[in-house]
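The values are calculated or read from the model by the stated rules, or taken from the named source; none is laboratory data. Fair warning: this is a prediction, and the values are worked out from it, not measured in the lab. Cβ placement follows ideal geometry from the backbone for every residue including glycine, while neighbour counts extend to all protein chains displayed.
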Amino acid sequence: MGNIIIHLRHCYIANSDDVWNVSYCGIHYELKFKNGEFDDGKVIAISSGKCHADHDTFLAWLSVFFGEDCTDPFQREDTRHSFNRGGFSASQQQLQEFLDTAFEKENNYPSAWEKALFEQAMNYYLVGLRNGISMMPLTIGFFGLSMECIGNLVSDQNSKYFTLGTFRFNKLVNDRFKSFKRDKEHGGAFKAWQKDIEADSKLVHAIRNAVYGHSFLHIEKERQAIVAHLHKWLKRAGASDKDAAFWFKVERLEMDLQIHADGLYKIGVRSSRLLIFLYLGIVAYIPFAEYDYRPFGDAPKNRTVKFDGMSISISAKEVSTIDGSDKNGVRTDT
């Protein structure tokens, strides 16, 4: 592997001073979240002294842990959406325990078909990350397919295939949450979280069918159903009926899906990513970024984003672009 740089597109590492040392499949890896060339916390600099066929698998598991695309061979700096998920906090111990659990699972699948189906779930999840916000709302379809695969895995049979709309994975959520819901202190929070998970799944299903699976947007009642789900999503986050009705309207649904692509993308990521964690048997230490469960990230009023060699400074008064391809920088203000 040598040294590689992973660019985080939707979050930043809150504890960027950390240096993590972890191992996977007998190979040692060092992870740093600073690199002099790039913004602190917006990269993962990975070094390993050995070449090994399982490096790609290691990067795939990092993609699950961080919720970011770590497998893209053509990494490039893109911090335009770093505020979307916000700060991501985790620890070396959490990552090592996750990798140990993943490695154990990889070597103990009950059957060949379950191994193949879980690999498909991972592939669809990774494709969703790769497509990102730029391909929304189509990206939701890939996350939905990953969830569909997990649903079939927990159905424990390969003689019948269950579609996303059967929500077979709800049994997995319920089984994993069962003991936590009995806890006197935290049981209520887990019950509320389970309801949110089920509501998210219904929204993913509705959008997937509308724009990826069956192209239902020409049917009025389907448009109304999607908008109703979208209103519920915003109201779960604290929006009033009036605000929810303002942000999503049946007659402009296509445009509204694009406008809210950042927030809807997070629903797809968190839904499919969560099911992968639960399938591995991990519940207690799933790391989320600070805005993963909020429709909107908290964008600073004054910030600089970087993309394709350009630095774009954004403030309440102006937007300035600096062309990084010019040695002295060419600045234009609008």
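Computed values, structure above
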quantity	calculated
Top-ranked residue of the range 69-78 - restricted to ones that are touching a residue at least 60 places away in the same chain (Cβ under 8 Å) and touching a Leu at 6+ places or on another chain (Cβ under 8 Å), ranked as surrounded by the fewest Cβ atoms within 10 Å (Cβ to Cβ)	69
Residue count, the range 254-284 (criterion: over 17 Å from residue 174 (Cα atoms) and assigned to a loop (DSSP other than H, G, I, E, B))	1
Condition met for residue 245 (at pLDDT 90 or above, among the aliphatic types (A, V, I, L, M) and part of a helix (DSSP H, G or I))	yes
Subset tally (residues that are touching a residue at least 60 places away in the same chain (Cβ under 8 Å) and either exposed (fewer than 13 other Cβ atoms within 10 Å of the Cβ) or farther than 15 Å from residue 229 by Cβ (or both)) for the range 239-265	4
Considering residues of the range 127-151 that are aliphatic (A, V, I, L, M) and in a helix (DSSP H, G or I) only, the residue surrounded by the most Cβ atoms within 10 Å (Cβ to Cβ)	140
Residues of the range 186-221 classified as over 28 Å from residue 136 (Cα atoms) and modelled with pLDDT under 90, total	1
Scope the range 84-114; condition surrounded by 14 or more Cβ atoms within 10 Å (Cβ to Cβ) and free of Cβ contacts under 8 Å to residues at least 24 places away in the same chain; matching residues	109
Residue that is touching a Leu at 6+ places or on another chain (Cβ under 9 Å) and within 18 Å of residue 275 (Cα to Cα), where the choices are 103, 98	98
Residue within the range 13-24 that is closer than 17 Å to residue 100 by Cβ and out of contact with any helix residue (DSSP H, G or I) (no Cβ under 6 Å at 6 or more places or on another chain) present	yes
In the range 203-235, the residues that are surrounded by fewer than 17 Cβ atoms within 10 Å (Cβ to Cβ) and under 18 Å from residue 170 (Cβ atoms)	232
Which listed residue, of 98, 83, 142, is more than 25 Å from residue 210 (Cα to Cα), at pLDDT 95 or above and among the aromatic types (Phe, Trp, Tyr)	98
Test set (1) aromatic (Phe, Trp, Tyr); (2) at pLDDT below 95; (3) surrounded by 15 or more Cβ atoms within 10 Å (Cβ to Cβ) - residue 124 fails condition number	(2)
